Amino acid sequence: MHITLSLIKADIGGYVGHSESHPNVLAKADECLARAKGDGLLIDYHVTKCGDDLQLIMTHQQGEDSEKIHKLAWDTFIEGTEVAKSLKLYGAGQDLLSDAFSGNVKGMGPGVAEMEIEERVSETVIMFMADKTSAGAWNLPLYKMFADPFNTIGLVIAPNMHSGFTFEVHDVKEHKKISLNTPEEMYDLLSFIGAPSRYTVKAVYSRETGEIAAVSSTQRLALIAGRYVGKDDPVCIVRAQAQFPAVGEVMEPFTLPLLVEGWMRGSHHGPLMPVAIADSTPTRFDGPPRVTAAGFQLSGGKLIGPRDMFADKSFDAVREQANQIADYMRRHGPFEPHRLPLEEMEYTTMPELMEKLADRFVDLD
Ligand code: F6R
Ligand code: MG
Ligand code: MG
């Protein structure tokens, strides 16, 4: 059975500030998607949130980039924005960059991860959602899941994974893509994806079967809009078990609270903290950045779940470590590497400063 998984998200208003989503907005989204399920457009859906981002998890048979599904998501965000505006939530409608829908939400602000799959006898999927960070945040975890034998021992000892995976990498600045095979092109791959503000892992494929294993959102709102208008807090869908990494191998990379960009004013590095969905409430210095995970089994496209995958006690120590790293990074104040390099900051006073102080700069000799 061919099923398309669509995970489409947008920040359409924060409660309080940029720290959380309002229950009335989630309820409105639920109402919209329930209608679409009743009409037969969706097989199933689940509405959730990660911090201030509204997350629409949908299953259907319309394929990827379906105008009907993207319009449904867009209309849901519009209706949610009305609720957000009525409550004067913070930044209501901030990720909706256009006034009119033109067939596809890509490039219009919302983040999109979609994959069309042939549902396996038992289909395990994990939806990752992050707040206060950007698309490149998945590079290191995806590399570990699908290419690092110290993380995914299945690469070494499971015959159906032994031939490795192909990574599709996007150059978000030049709008180009390249596919690289692991293990043999591992060093080439790392040369690119180790620079996550420019190169992002868009998708991963099994080399054994050619099947899609993972897909992420690569939208960069700042680049889309040409100016800072909101965050590109990213999402990622990962299939697990059998010919793919086991659930534990998919979750394990998040035991490293990796440093990602996007904390406070989209202009700071901070540790990515894996949390239960209820705990995606980034209130300390508008962070630290969070990642949540909703796990499902699919049954004829029905979403059996979610299980809140980071609610597990075994992530307590990572959270503790992330808090310690947050303290350490914060002590740098406005200095790099806590503050992002000049060209990556989403807030900057530099153009005004350079103009104001132009006369005061003198040649060294
Ligand atoms: C938003 C974010 C926040 C804001 C900050 C300033 O996702 O990361 O840190 O950038 O709260 O927001 P404004 O400029 O809207 O007052
Ligand atoms: Mg926000
Ligand atoms: Mg957000």
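The values are calculated or read from the model by the stated rules, or taken from the named source; none is laboratory data. Just so you know, these numbers come straight off a predicted model, no measurement behind them. Glycine gets a Cβ as well: all are built from the backbone with ideal geometry, and neighbour counts include every protein chain shown. SASA here: full protein model, heavy atoms, side chains in, ligands and nucleic acids out. Shrake-Rupley method; radii C 1.70, N 1.55, O 1.52, S 1.80 Å.
Structural remarks
- Hypothetical label at T349: residues of the range 309-336 whose amide nitrogen lies under 13 Å (7 Å Cα-Cβ projection): 334
- If you take the alpha carbon atoms of the chain and fit the smallest convex hull around them, that volume is 151 Å³ per residue.
- Qualifying trypsin sites (Lys or Arg not before Pro) in the range 116-148, DSSP loop, other Cβ atoms within 10 Å at most 16: R120
- Only lysines eight or more places from K302 in sequence, or on another chain, were considered; those with a Cα closer than 18 Å are K37.
- For the set K68/K173; K88/K173; K85/K132, the pairs lying more than 25 angstrom apart at their alpha carbons are K68/K173; K88/K173.
- When the solvent-accessible area of the chain is split by element, carbon and sulfur atoms take up 54 percent of it, the probe being 1.4 Å.
- Sparse packing (at most 12 other Cβ atoms within 10 Å of the Cβ) combined with a DSSP loop state is found for the following trypsin sites (Lys or Arg not before Pro) in the range 255-332: R331.
- Full-stretch length increase - T209, M1 - with 0.36 nm per residue and alpha-carbon distance subtracted: 73.2 nm
- Cα centroid separation, the range 165-217 to the range 287-365: 22 Å.
- Sequence-distant lysines (8 or more away, or on other chains) whose Cα lies within less than 20 Å of K176: K106, K202
- Straight-line cross-link partners of K9 among the aspartates and glutamates, defined as a Cα under 15 Å from its Cα and at least 8 positions apart when in the same chain: E20, D30, D52, D53, D65, D75, E79, D95, E114, D131, D232, D233.
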